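One structure is given here, and the rest of the page talks about it.
What follows draws every value from the coordinates through simple rules; no lab data is involved. Just so you know, these numbers come straight off a predicted model, no measurement behind them. Quick reminder, even Gly has a Cβ in these numbers, built from the backbone with ideal geometry, and neighbours come from all protein chains shown.
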Amino acid sequence: MNDDRNNNRRIAKYVGVLLVAYLVLATSLLTMSSKHTPILGPFPAAAFTATATSTATATGTPTALPTPGAIPHVSGEHRETVYASSNTAVSNSVASFMPISGVITFVAASVEGEVWEIQPIAGDAVNLFADSMTTGGALTAPGAATSYAIALNDISALTGLSSTVLTCTISGATATSCSDQTHIQYIGPGDILFYSVTPTGSPTATVIAVSMEIDL
């Protein structure tokens, strides 16, 4: 009889210990859960609302693609500035032609094939600038009611078609320069490039200096 009572006391003691341990463990788990509560849905709409902080505006407008069907070149890896000069006064009655590179080393030609240059890789020609000057290097205007139209010529290697997207005109009695900072000339590998200078109204014979940038 006494043994049964002792066994009952031991069982009750063990059960009490187990209950205390369970309560301690449950309390610890609840404490940890309150510190690391996971975020569960549904999420508020505000959490996914994006607000624009800046606006990018395109400054160049693609207007020509010498090679039909070709994918426009993705620029940005490298930008090269190319300079050219007619060296001597260009004709004031017929078109003259210049290579796209070469400063004070090449005289403007009357035949475009004499100044052709081949572009080895794809690129985008942008930011055309031109100056009209005397052989001594002083800026000078073409003259009243006259002008010089400067254009980058691109002959497609695939189609043979020619395009002149980058152009500007120096005109009048006071203007000595011009620029085209808007258009983009897409250039394909193997395309032929050169400048043409076309006079209107018998302008003063001047030296024409040109520069542009090519994104490669």
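Quick look at the numbers
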| quantity | calculated |
| --- | --- |
| Gained length - Thr204 relative to Ser177, 0.36 nm times residue gap less alpha-carbon distance | 8.3 nm |
| Net charge contributed by nearby residues that have their C-beta within less than 10 Å of Gln119 (K/R +1, D/E -1) | -3 |
| Loop chymotrypsin sites (Phe, Trp or Tyr not before Pro), segment 117-216, which have at most 15 other Cβ atoms in a 10 Å radius of their Cβ (DSSP) | none |
| Radius ratio Rg over Rh of segment 61-215, counting only Cα atoms, Kirkwood formula for Rh | 0.97 |
| Sorted peptide list for 132-141, 118-127, criterion being average Cβ within 10 angstrom, highest first | 118-127, 132-141 |
